[in-house]
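A short worksheet on the structure shown next.
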Amino acid sequence: MLLEREVDLEFRSRQLEALQEKVNAVAEATRFSIPSCPHCGRPMAPHDARSVSWLARFGRLRVPVPRYRCPNCPYECRPLLDVLGVEPGRVTGSLARLLALLASIAPYPLAARLAWLLLGVTISPMSRYHADSRSAGAQVKDAPPVVVLGVDGCMLGMQVRSHRRRRVGEQRLPALPVIEEGCFREVKTGVLLLPQERVETSPGRRSVVRRFLVTCLGDADEIFRRLYAQLRELGWVGANTVVVIVGDGAEWIWNRANMFVRRCEILDFWHALEHAWEFARLRHGEGSLHADQWVHHIAEDLRAGKVVNPLVGV
């Protein structure tokens with residue numbers, strides 16, 4: 001093992017040099033390409049060329065990256081970074097995929113150790129990074145006006161075994177034992193998305209282009225710390241950003257929503273109907289046709305966006 005690691009370290013520098021040469025070639029090929037402003041269509045002017053670095057599997061790469069600005073509007077860009085598909089100070093896409101694979105099959109601290117053992121890359125545990133709300137994050141000068149945050153929790157049964165079950169030949173593994181009381185833990189999950197990124201995938205049916213998930217086995221304070229850290233990392237929260245919190249009405253959600261000064265709290269559609277059914281049964285009786293019609297009317301109004309005074313006419 002030591003001999004293999006010795007060879008790996010010896011040739012890692014050569015691999016880094018070869019990769020750096022290829023990056024330099026791409027930079028040289030794009031040096032004379034003047035981009036056009038996507039807003040006004042006019043040629044952009046060179047502004048500066050600062051050295052930028054990022055981490056690849058073989059080590060840290062560094063190259064001067066020209067910055068262009070439009071003389072008519074404040075738009076600026078660095079085309080070389082778009083061509084290479086990298087972000088300053090971050091990791092390359094290939095290394096990010098490998099690290100994400102490790103983080104998906106092992107806890108973050110263990111994944112950080114495996115990254116060094118398997119890839120020779122030293123990283124800090126991602127759990128600490130995402131839980132630190134003091135991280136610098138992205139620039140917020142272009143923060144979106146509205147961001148949507150949905151958060152909820154669910155109970156999962158935890159089965160702890162001293163050894164892994166293995167199948168012998170064609171023998172079928174027996175069913176897992178029933179999870180005993182007290183072996184359930186709540187997993188809290190939040191999803192972040194931008195409403196302006198909704199697209200119509202088919203007539204009358206819309207979907208979100210991208211979304212970011214944050215989850216943990218911690219308490220309510222922990223999931224909101226991680227959500228805020230993710231918002232800052234994305235640059236999605238600024239002084240004028242309205243955070244729309246969508247939840248099921250649980251107190252642990254609404255009691256922590258006040259961490260956002262500009263916010264809008266919304267009860268999700270299905271829980272709103274659940275409360276509507278409770279009221280309808282009390283008002284019209286169990287199994288009443290009037291109750292069914294009233295809840296159906298409420299559902300149609302909610303789908304149409306008519307959320308002001310839904311109880312008028314009761």
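The values are calculated or read from the model by the stated rules, or taken from the named source; none is laboratory data. Just so you know, these numbers come straight off a predicted model, no measurement behind them. Glycine also receives a Cβ, built like all others from the backbone with ideal geometry; neighbour counts cover every protein chain displayed. Surface areas here come from the heavy atoms of the whole protein model, side chains and all, with no ligands, DNA or RNA. Shrake-Rupley method; radii C 1.70, N 1.55, O 1.52, S 1.80 Å.
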>> Among the residues of the stretch 266-297, what is the count of those that are open to solvent by less than 50 Å² (accessible area, probe 1.4 Å), of a type outside the set (Ser, Thr, Tyr), assigned to a loop (DSSP other than H, G, I, E, B) and on the phi < 0 side of the Ramachandran plot?
In response: 1
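Restricting the search to the stretch 183-217, which residues are open to solvent by 70 Å² or more (accessible area, probe 1.4 Å) and out of contact with any helix residue (DSSP H, G or I) (no Cβ under 8 Å at 6 or more places or on another chain)? Quick ask: steps written out before the conclusion?
Filtering the stretch 183-217 down to residues open to solvent by 70 Å² or more (accessible area, probe 1.4 Å) leaves 184-185, 196, 198, 200-201, 203, 205-206, 209-211, 213, 215, 217.
Result: Phe184, Arg185, Gln196, Arg198, Glu200, Thr201, Pro203, Arg205, Arg206, Arg211, Leu213, Leu217.
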>> I'd like to know if the stretch 96-105 contains one or more residues that are surrounded by 13 or more Cβ atoms within 10 Å (Cβ to Cβ) and of a type in the set (Ser, Thr, Tyr).
In response: no
> Which of the residues belonging to the stretch 57-75 are open to solvent by less than 90 Å² (accessible area, probe 1.4 Å), modelled with pLDDT of 85 or more and out of contact with any Leu (no Cβ under 6 Å at 6 or more places or on another chain)?
Replying inline: Leu61, Val63, Pro64, Pro66, Arg67, Tyr68, Cys70
>> Anything in the stretch 76-90 that is hydrophobic (A, V, I, L, M, F, W, C) and open to solvent by 60 Å² or more (accessible area, probe 1.4 Å)? List them, or say none.
In response: Val83
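So, Leu9, is that one in contact (Cβ under 8 Å) with a residue 60 or more places away in the chain and open to solvent by 80 Å² or more (accessible area, probe 1.4 Å) or not?
Working: in contact (Cβ under 8 Å) with a residue 60 or more places away in the chain: yes; open to solvent by 80 Å² or more (accessible area, probe 1.4 Å): yes.
Here the answer is yes, as Leu9 does meet what is asked.
Kindly evaluate Ser33 against the criterion of being farther than 22 Å from Thr122 by Cβ and exposed (fewer than 13 other Cβ atoms within 10 Å of the Cβ).
Numbers: farther than 22 Å from Thr122 by Cβ: yes; exposed (fewer than 13 other Cβ atoms within 10 Å of the Cβ): yes.
Yes; evaluated as a whole, the condition is true for this residue.
For the stretch 218-243, what are the residues that are of a type in the set (A, V, I, L, M, F, W, C) and open to solvent by less than 20 Å² (accessible area, probe 1.4 Å)? It would help to see each step written out before you state the result.
At the first step, the residues of the stretch 218-243 found to be of a type in the set (A, V, I, L, M, F, W, C) are 220, 223-224, 227, 229, 231, 234, 236-237, 239, 242-243.
Once the filter is applied, which keeps residues that are of a type in the set (A, V, I, L, M, F, W, C) and open to solvent by less than 20 Å² (accessible area, probe 1.4 Å), the stretch 218-243 yields Ala220, Ile223, Phe224, Leu227, Ala229, Leu231, Trp236, Val243.
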> Out of (1) under 24 Å from Thr122 (Cβ atoms); (2) in a helix (DSSP H, G or I), the odd one out for Ala25 is which?
Replying inline: (1)
> Which residue out of Ala250, Ala257 is open to solvent by less than 60 Å² (accessible area, probe 1.4 Å) and either over 15 Å from Val148 (Cα atoms) or at pLDDT 90 or above (or both)?
Replying inline: Ala250
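Can we say Pro46 is surrounded by 14 or more Cβ atoms within 10 Å (Cβ to Cβ) and in a strand (DSSP E or B)? Show your work before the answer.
Values: surrounded by 14 or more Cβ atoms within 10 Å (Cβ to Cβ): no; in a strand (DSSP E or B): yes.
It is false that Pro46 is surrounded by 14 or more Cβ atoms within 10 Å (Cβ to Cβ) and in a strand (DSSP E or B).
Restricting to strands (runs of 3 or more DSSP E) lying wholly in the stretch 170-265: which have 1 or more residues that are in contact (Cβ under 8 Å) with a residue 24 or more places away in the chain, hydrophobic (A, V, I, L, M, F, W, C) and over 30 Å from Pro88 (Cβ atoms)?
Numbers: elements: 184-193, 198-202, 205-208, 212-216, 242-247.
Ranges flagged: 184-193, 242-247.
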> Do you know which residues across the stretch 112-168 are in a helix (DSSP H, G or I) and modelled with pLDDT of 75 or more?
Replying inline: Ala112, Arg113, Leu114, Ala115, Trp116, Leu117, Leu118, Leu119
